[in-house]
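Colleague: Please see the structure below; I have some questions.
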Amino acid sequence: MEPTDPLQAVTHGDPYPFYARLRAGPPLAYDAALGLWVASRAQVLDELFTHPTMRVRPVAEPVPAALASRPAGEVFARLVRMNDGTGHQPAKRVVEQVLAGAGTQDVEGAATRIAVGLLPRAGDAEALNRWLFDVPVRSVAALLGFSDEVLGDIAAATRAFVACLSHFSTPEQLADAHTAAKSLGERVARLAEEGGTGIAAQLHVAAQAEHWDDTQAITANLVGLLSQTYEATAGLIGNSLVVVSRHPDALAQASGDWLRIVRETARFDSPVQNTRRFAAEPTVIAGVDLPAGAPVLLVLAAANRDPQTNPQPDVFDPQRAAPRLYSFSRGAHACPGQEMACLVAAAALRALHDGQARPDADTLRWSYRPSANGRLPVFH
């Protein structure tokens with residue numbers, strides 16, 4: 001059964017015919033059932049990402065009501081990716097500078113070491129599902145500067161914190177998320193203050209040089225590096241496994257380069273299928289009048305396969321030259337950790353393949369975790 005709206009499409013077996021029909025429709029369409037506008041063409045997303053009146057959060061609700069005035073909400077309120085305005089650019093420059101300074105060999109080395117140490121047994125789907133999430137968050141935690149002895153604790157706390165960001169969070173999960181947010185904040189704050197060579201200490205130093213002296217915001221964005229890694233990179237690894245199972249010649253086409261597989265997977269079957277923007281004031285987008293506060297759903301996965309931007313978009317081509325990618329957002333809020341996520345995912349997949357722990361493509365089965373925007377396979 002085909003999806004009836006872009007939120008249902010996120011976890012559908014094949015949402016891309018539906019996305020193609022969205023692109024063939026109006027450039028900006030109102031979905032009365034969802035109560036929001038929907039943009040699916042690459043050109044319209046480019047306009048939305050760069051329009052000065054579009055915000056990442058509603059002006060009247062900068063923090064989700066369920067999180068407000070609690071530890072998880074305090075973290076959320078200070079995340080660079082959830083803020084606009086004068087404080088956004090200096091903070092983002094610091095984060096971009098530090099992440100860009102993380103050497104490829106350091107990232108690949110940390111991810112490979114952790115992936116190999118956690119390799120699931122071939123055929124153990126439950127262990128594989130845990131591995132998808134544990135490897136990315138433990139890798140980033142190690143790069144932040146945490147010792148191996150605490151990586152499991154950091155991963156568990158991140159898992160609990162991330163639960164508060166879901167539309168499906170229960171009251172119990174929200175309570176656990178606040179506890180986890182407080183714990184993570186304390187841990188990364190200590191790590192940053194202790195110095196060392198990890199990303200946490202580097203961010204602390206870079207923030208001082210940039211005169212970004214909001215220590216709570218620095219701490220929140222270190223927690224944010226963990227939380228953003230958790231589901232998005234797990235989805236990138238999992239979707240790459242799905243793509244390779246469906247395209248047995250993919251690795252040969254990529255000349256054995258897993259990084260090419262991962263980058264094309266990010267376009268072909270994005271781990272983040274959509275994101276949102278909100279009109280801060282009345283404005284016009286794609287010739288459509290939007291009232292103040294209007295929510296817009298930007299269907300990243302549809303824009304990735306827009307033939308006006310990426311020729312032959314429904315072909316998985318790991319040798320594709322300079323694809324235009326929307327999976328990590330664009331413009332002022334483009335994800336600064338995009339390259340790190342791809343490097344971690346590629347290293348993990350390489351370790352899985354070389355360790356002979358890869359699942360059998362002929363017997364691999366999966367469904368998708370409930371989500372309004374993340375495409376995360378669950379293997380069976």
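The values are calculated or read from the model by the stated rules, or taken from the named source; none is laboratory data. Because the structure is predicted, anything quoted here is derived from the model rather than measured. FYI the Cβ positions are ideal-geometry reconstructions off the backbone, even for glycines, and counts take in every protein chain you see.
Colleague: Among the residues of the range 294-302, is any in contact (Cβ under 8 Å) with a residue 60 or more places away in the chain, touching a strand residue (DSSP E or B) at 6+ places or on another chain (Cβ under 8 Å) and surrounded by fewer than 18 Cβ atoms within 10 Å (Cβ to Cβ)?
Modeller: Yes, the range 294-302 contains at least one residue that is in contact (Cβ under 8 Å) with a residue 60 or more places away in the chain, touching a strand residue (DSSP E or B) at 6+ places or on another chain (Cβ under 8 Å) and surrounded by fewer than 18 Cβ atoms within 10 Å (Cβ to Cβ).
Colleague: Among the residues of the range 83-105, is any more than 29 Å from F49 (Cα to Cα), in contact with a helix residue (DSSP H, G or I) (Cβ under 9 Å, 6 or more places away or on another chain) and of a type in the set (S, T, Y)?
Modeller: no
Colleague: A follow-up question, please. Of all residues being more than 19 Å from V44 (Cβ to Cβ), aliphatic (A, V, I, L, M) and outside any helix (DSSP H, G or I) in the range 307-343, which is modelled with the highest pLDDT? Just the residue, please.
Modeller: Only one residue fits best here, namely V315.
Colleague: Exactly one condition in (1) in contact with a Pro (Cβ under 6 Å, 6 or more places away or on another chain); (2) without any contact (Cβ under 8 Å) to a residue 40 or more places away in the chain is not met by D249; state its number.
Modeller: Of the numbered conditions (1) in contact with a Pro (Cβ under 6 Å, 6 or more places away or on another chain); (2) without any contact (Cβ under 8 Å) to a residue 40 or more places away in the chain, the odd one out for D249 is (1).
Colleague: Next up: Confirm whether D106 is without any contact (Cβ under 8 Å) to a residue 60 or more places away in the chain, over 30 Å from D176 (Cα atoms), out of contact with any Asp or Glu (no Cβ under 9 Å at 6 or more places or on another chain) and surrounded by 15 or more Cβ atoms within 10 Å (Cβ to Cβ).
Modeller: For D106, the condition - without any contact (Cβ under 8 Å) to a residue 60 or more places away in the chain, over 30 Å from D176 (Cα atoms), out of contact with any Asp or Glu (no Cβ under 9 Å at 6 or more places or on another chain) and surrounded by 15 or more Cβ atoms within 10 Å (Cβ to Cβ) - is met.
Colleague: Regarding the range 235-252, can at least one residue be identified that is surrounded by 20 or more Cβ atoms within 10 Å (Cβ to Cβ), in contact with a Ser or Thr (Cβ under 6 Å, 6 or more places away or on another chain), assigned to a loop (DSSP other than H, G, I, E, B) and not basic (K, R)?
Modeller: no
Colleague: Right, another one. Take the range 268-326 and flag every residue that is among the polar types (S, T, N, Q), under 17 Å from G25 (Cα atoms) and out of contact with any Lys or Arg (no Cβ under 6 Å at 6 or more places or on another chain).
Modeller: Selection gives Q308 alone.
Colleague: If the requirement is being on the phi > 0 side of the Ramachandran plot and either β-branched (V, I, T) or under 22 Å from the mean Cα position of the chain (by Cα) (or both), which of these qualifies: G109, G85, G145?
Modeller: After ruling out the rest, the residue left standing is G145.
Colleague: Which one of the conditions (1) more than 23 Å from L343 (Cα to Cα); (2) in a loop (DSSP other than H, G, I, E, B) does L119 fail to meet, given that it meets all the rest?
Modeller: L119 satisfies all of (1) more than 23 Å from L343 (Cα to Cα); (2) in a loop (DSSP other than H, G, I, E, B) except (1).
For every residue, the table says whether it meets (1) out of contact with any Cys (no Cβ under 7 Å at 6 or more places or on another chain); (2) part of a strand (DSSP E or B); (3) of a type in the set (S, T, N, Q).
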{"position": "V262", "(1), (2), (3)": "no, no, no"}
{"position": "S270", "(1), (2), (3)": "yes, no, yes"}
{"position": "R276", "(1), (2), (3)": "yes, yes, no"}
{"position": "E281", "(1), (2), (3)": "yes, no, no"}
{"position": "D289", "(1), (2), (3)": "yes, yes, no"}
{"position": "L297", "(1), (2), (3)": "yes, yes, no"}
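Colleague: Related question: Filter the range 242-295 for residues that are of a type in the set (V, I, T) and touching a Phe, Trp or Tyr at 6+ places or on another chain (Cβ under 7 Å) and give the result.
Modeller: Those that are of a type in the set (V, I, T) and touching a Phe, Trp or Tyr at 6+ places or on another chain (Cβ under 7 Å): V242, V243.
Colleague: Taking the conditions exactly as written (touching a residue at least 24 places away in the same chain (Cβ under 8 Å), among the basic types (K, R) and over 14 Å from V272 (Cα atoms)), does R324 satisfy them or not?
Modeller: yes
Colleague: Is there a residue in the range 223-230 that is touching a residue at least 24 places away in the same chain (Cβ under 8 Å), closer than 20 Å to A91 by Cβ and touching a strand residue (DSSP E or B) at 6+ places or on another chain (Cβ under 8 Å)?
Modeller: no
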